[in-house]
Amino acid sequence: MPNPVLGLPREITDLLDTDLPPLGPGTPKTGFEQRLNKTSPTTLLGSTVVSPEAADCCLAGMWLWNGFLERSHDLSQNIDTPEGSWWHGIMHRREPDPGNAAYWFRRVGDHPLFSTLGNSVQKHAKHMELPNEVQWLAQCTYWKPQQFIEACESAGRDTNEPVCHVLREVAAIEWHALFEHCQNLARGNRP
């Protein structure tokens, strides 16, 4: 899978590790901490920010990608939007705290991005040899956060390397779709 951060503008990719994040908490990529601390919504997205909440979602996602779960959590828990709840849910999924992740995904509700994301995941899965545990991804036409939480929890317990690799790729697709969605909202572009 091509790295999903490569399709983003350079000012953003320079702030993201090129490795796919782990399914679990992982280790913070400290080389990015100082630069992320200096990043504001305006420096990230320019002066066209019309939704500070959506811009903060982008920052929460960047902290999360780089393994700073607590910093991401500090931002996302204060964003009372479906997207803020989604970032919050991903963070808890990675802790791993599946019950708390499920709670936050219920707060996301029926998000309009779920069908687009499901189709992207299905398209990606059809080009892979999928382990039996994740065959359902090839049929994914609508994103089901609870099913993904359960798959990540199961893979984490079993430390099944082929399954974990596939799920990390799918989590990166999810991250990229949500990040782009939040960028559009922050700039006032309705998807």
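The values are calculated or read from the model by the stated rules, or taken from the named source; none is laboratory data. Note that this is a predicted model, so its numbers are computed, not measured. Cβ: placed from backbone, ideal geometry, glycine included. Neighbour counts: every protein chain shown. Note: areas computed on protein heavy atoms with side chains; ligands, DNA, RNA excluded. Shrake-Rupley method; radii C 1.70, N 1.55, O 1.52, S 1.80 Å.
Residues that are over 18 Å from residue 91 (Cα atoms) and outside any helix (DSSP H, G or I) within the range 114-164 comprise 126, 127, 128, 129, 130, 131, 140, 141, 142, 159, 160, listed in sequence order. The one condition from (1) out of contact with any Cys (no Cβ under 9 Å at 6 or more places or on another chain); (2) without any contact (Cβ under 8 Å) to a residue 60 or more places away in the chain; (3) within 16 Å of residue 21 (Cβ to Cβ); (4) crowded, with 20+ Cβ neighbours inside 10 Å that residue 170 does not meet is (1). Tallying residues that are more than 19 Å from residue 24 (Cα to Cα) and open to solvent by less than 20 Å² (accessible area, probe 1.4 Å) within the range 69-79 yields 1.
Here's the yes/no breakdown for (1) of a type outside the set (S, T, N, Q); (2) at pLDDT 95 or above:
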residue: 72; (1), (2): no, yes
residue: 100; (1), (2): no, yes
residue: 103; (1), (2): yes, yes
residue: 111; (1), (2): yes, yes
residue: 118; (1), (2): yes, yes
residue: 123; (1), (2): yes, yes
residue: 131; (1), (2): yes, no
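Given the condition touching a residue at least 40 places away in the same chain (Cβ under 8 Å), over 24 Å from residue 106 (Cβ atoms) and either open to solvent by less than 50 Å² (accessible area, probe 1.4 Å) or hydroxyl-bearing (Ser, Thr, Tyr) (or both), answer yes or no: does some residue in the range 80-92 qualify? Among the residues of the range 80-92, not one is touching a residue at least 40 places away in the same chain (Cβ under 8 Å), over 24 Å from residue 106 (Cβ atoms) and either open to solvent by less than 50 Å² (accessible area, probe 1.4 Å) or hydroxyl-bearing (Ser, Thr, Tyr) (or both), which makes the answer no.
For the range 103-113, the set of residues classified as crowded, with 18+ Cβ neighbours inside 10 Å and assigned to a helix (DSSP H, G or I) consists of 104, 105, 108, 113, listed by residue number.
As for the range 49-57, it holds at least one residue that is open to solvent by less than 30 Å² (accessible area, probe 1.4 Å) and among the hydroxyl-bearing types (Ser, Thr, Tyr).
Here's a check for you: in the range 107-148, which residue that is of a type in the set (Ser, Thr, Tyr) and touching a helix residue (DSSP H, G or I) at 6+ places or on another chain (Cβ under 7 Å) is farthest from residue 190 (Cα to Cα)? Among them, the one singled out is 141. Of the helices (runs of 4 or more DSSP H) contained entirely in the range 1-80, those carrying at least 1 residues that are over 29 Å from residue 126 (Cβ atoms) and of a type in the set (A, V, I, L, M) fall at 33-37, 41-45, 52-65, 69-76.
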